[in-house]
Amino acid sequence: MRIVVAMSGGVDSSVAAGLMVEAGHEVVGLTMKLRDATATEREGRAEGSCCSPDDLRDAASVCEALGIPHYVVDYRDAFRKAVMEPFARAYLDGQTPNPCVLCNDHLKFAALVTRSKALGAAQLVTGHYARVVETASGSHELRAAFDTRKDQSYFLFGLTQKALAFTRFPLGEMSKDEVRATALRLGLPTWDKPDSEDICFVPDGDYARVVTEILTEIGEPRRPSRGALIDESGRVIGQHDGVHRFTVGQRKGVGASSEGRRYVLGVDAATGTINVGPPERLMASGLLARDAHFISGRAPGPDDVVTARIRYRHVGEAATVRVDGPHLDVRFLSPVRAITPGQAVVFSDGDLVLGGAWIVRSQELKPGADAVSPTASHS
């Protein structure tokens, strides 16, 4: 069987390719060139980044070691339009975006599935830690990886039935230690390569600088609003240099009061206001989300209790989901901390990923009321 393996240059995709070769398949390695090297990478100061020129060379080295062809496809323009520009504009709007979800949803899988079929492949294989399970009815489910520490199913909630039917995740039943041991056994040069940690085009973690650079490069006339830091009593306690420097739950850069530390409670890009206050004000019992996608094509019923994760490392909280026109009204059985506009909320039932949506704002359910209203501190 001819199989295309998406090669990122890391140990995970290297092992995915190696396992397919070992299984006797005709394997083609395909690497997406998504961006040019950043200044930090050119200076050799970026560790743990991904999709860099070094990664392309590593992918080529792995393919050479495995004796399989390797192709590089230039997707830099598409990556900028689908991921980098929306990332920067989201910060303009006071949101904290998740570009890895956007990349998988709007670029990687759509492009890779199309390219793989054009190459005559029967399957696309990637190194993601997740699982695809075919049901008795012939539909496909996305399930979490066995290694919960590395599970990446959160980033894949936007995959369609068509993509899942064509895609295979061979690492879904392996631990990271097993993956590295397999890479060593197969003689792959990436066996001890560090995992990527940061957003690929922000390898030094300086989001504010990257947002400014992207907005300048694309000629965006708007710039991140400057404004006031306002405490829970409505008092101005300081000024800031741009809303893109703040995210809900952040403590750095907001000062402390006599009662204790302050945290960012909300970001209002229209006025440039950063609302700050004590940590207990970060708790909320619900959220409003948009652009929902459910893998089965059907949302949970209003009385179904699911697990909702509001960020990648969030363990999840029990919640109910109600479709409200173009939005989802998500209500938690227990309050959750630091619901952040722009992040994805992902729903699951055990290890079965049901789908997800994009957080618009937190909401507070009033005792005894059947309706929700925006939390005042998250303006």
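Observations on the structure shown:
- For region 224-277, the Kirkwood radius over C-alpha pairs fed into Stokes-Einstein at 4 °C and 1.567 mPa s yields D = 121 µm² per second.
- In degrees, nearest ten, helix 109-118 long axis to first principal axis of the chain (Cα): 20 degrees
- Relative contact order for the chain: 16 percent, from Cα pairs under 8 Å spaced at least 6 residues apart, divided by residue count.
- Spatially proximal lysines relative to Lys176 (Cα-Cα < 21 Å; intrachain offsets below 8 disregarded): Lys150, Lys193
- Pairwise centroid distance, computed over Cα atoms, of region 134-174 with region 68-133, Å: 16 Å
- Hydrodynamic radius (Kirkwood) for region 282-374, which is based on Cα pairs only, to one decimal in Å: 12.9 Å
- Directionally averaged shadow of region 2-185, computed from the convex hull of its alpha-carbon atoms, nm²: 11.6 nm²
- Kirkwood hydrodynamic radius over Cα pairs of region 211-311, then Stokes diffusion coefficient at 20 °C and 1.002 mPa s, in µm²/s: 132 µm²/s
- Rounded to 10°, Cα long-axis angle of helix 176-185 versus longest principal axis of the chain: 20 degrees
- Put simply, the amide H of Gly316, placed in the peptide plane, has neighbours under 5 Å in Ile310, leaving out anything fewer than 5 places away on its chain.
- The listed peptides 153-164, 300-311, ordered by packing as a protection proxy, come out as 153-164, 300-311 (highest mean of other Cβ atoms within 10 Å first).
- Whole-angstrom gap from region 259-327 to region 182-206, using each part's C-alpha centre: 31 Å
- Cα-based Rg and Dmax for the chain, where Dmax is the largest Cα-Cα distance (Å): 21.9, 68
Values in this text are rule-based calculations from the coordinates and carry no lab data. Everything numeric in this text was worked out from a predicted model, so none of it was measured. Because the Cβ atoms are built from the backbone with ideal geometry, glycine has one as well, and the counts that use them run over all protein chains shown.
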